[in-house]
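Before any comments, here is the structure.
Read the figures in this text as sums done on the coordinates, not as results from a lab. Values in this document were obtained by computation on a predicted structure and should not be read as measured data. Note that we place each Cβ from the backbone using ideal geometry, even for glycine, and neighbour counts take in every protein chain shown.
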Amino acid sequence: KQVSREWKQETTIVEIAPGVRFGGSEVPIIAGPCSVENEQQIVTAARQVKAAGAVALRGGAFKPRSSPYSFQGMGLEGLKLLKLAKQETGLPIVTEAMDEAGAELVAEYADMIQIGARNMQNYSLLKTAGKLKKPVLLKRGMAATIQDLLLSAEYLLAEGNPNVVLCERGLRSFDTASRNLFDLTAIPVVQQLSHLPIVADPSHGTGRRDKVLPMSRAAIAAGADGILIEVHPQPEKAMSDGAQSQTPAQFAETVVQLKRVAEAIGRRI
Ligand code: PEP
Ligand code: MN
């Protein structure tokens, strides 16, 4: 299979914007709110995460919510606000596409298309994203094995898109102490089996903002090729995932600490 290390020995480097590369000695940090909520929120968040050291801005315009009554995202309006935030800060954009029609629209605005945990096995979406050739952030399903994740990545590669970054975001478990069970082991396991870079998402992985710093340190130490962290200018007012969103001050402190961990293993934030 094309996804395997046997097929390709050297780690794939995925560049989403000039100098923002996953899979090399740098460890890029993607940060921003769970959802795009309004102009002020996303532009403020973009400035704050950039000032702290993030090199890409995240924010969902199309949100896969467990309940149909929860905020579903701003849609196209949200994509336009992400474009504005990019113009204001220069940060490349990572944002989710939920279906085939949405993927083409998202591709016009995003530098990297996120395929979320719930859609990891949406094979028609994977085929569409594979044809689009844009970098893809493919998140592991909450009940998917590492083999399932790699086979989903294979759909993208098989369509001719080599720009795939995997993401560990935590698994369903019996324990309610954290939102998900963050599978740190997935990082070295994926790196052994595949040449694709893998980033860690300790925000969804833990569901608690006070656990994001220790688990992001651990993820860097384990060799993650990037980190995704949810940050909101006012987490208590967030329309989604407020409990796991760091404050801008917490995020700034996180980046300071992550730089030290990265340096200790010969990598750079
Ligand atoms: C998100 O990144 O906000 C998100 C919905 O992630 P996941 O698909 O991992 O739940
Ligand atoms: Mn979220």
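Key figures
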| quantity | calculated |
| --- | --- |
| Set of lysines with alpha-carbon distance to Lys80 below 28 Å, sequence-local pairs under 8 removed | Lys50, Lys63, Lys127, Lys131, Lys133, Lys134, Lys139, Lys237 |
| Relative contact order of the chain, defined on C-alpha pairs under 8 angstrom at six or more residues apart (%) | 21 percent |
| Length gained when the stretch Asp148-Glu253 is fully extended (0.36 nm per residue, less Cα-Cα span) | 34.3 nm |
| Rg ratio (alpha-carbon, reference 2.2 N^0.38 Å) - the range 14-264 | 0.90 |
| Global form of the range 23-172, assessed from the alpha-carbon gyration tensor, a/c cut-off 1.5 | prolate |
| Cα→Cβ-extended label distance, 7 Å offset, between Ala101 and Ser4, nm | 4.0 nm |
| Burial ranking of peptide ranges 209-218, 31-40 (average Cβ count within 10 Å, highest at the top) | 31-40, 209-218 |
| For the range 22-33, 3J(HN,Hα) per residue [Karplus equation, 6.51 cos²θ - 1.76 cosθ + 1.60, θ = phi - 60°, Hz, x = Gly/Pro] | 9, x, x, 7, 7, 10, x, 10, 9, 9, x, x |
| Amide H contacts under 5 Å for Gly90, placed H, 5+ residues apart | none |
| Computed over the range 5-85, the ratio Rg/Rh where both radii use C-alpha atoms and Rh is Kirkwood | 1.09 |
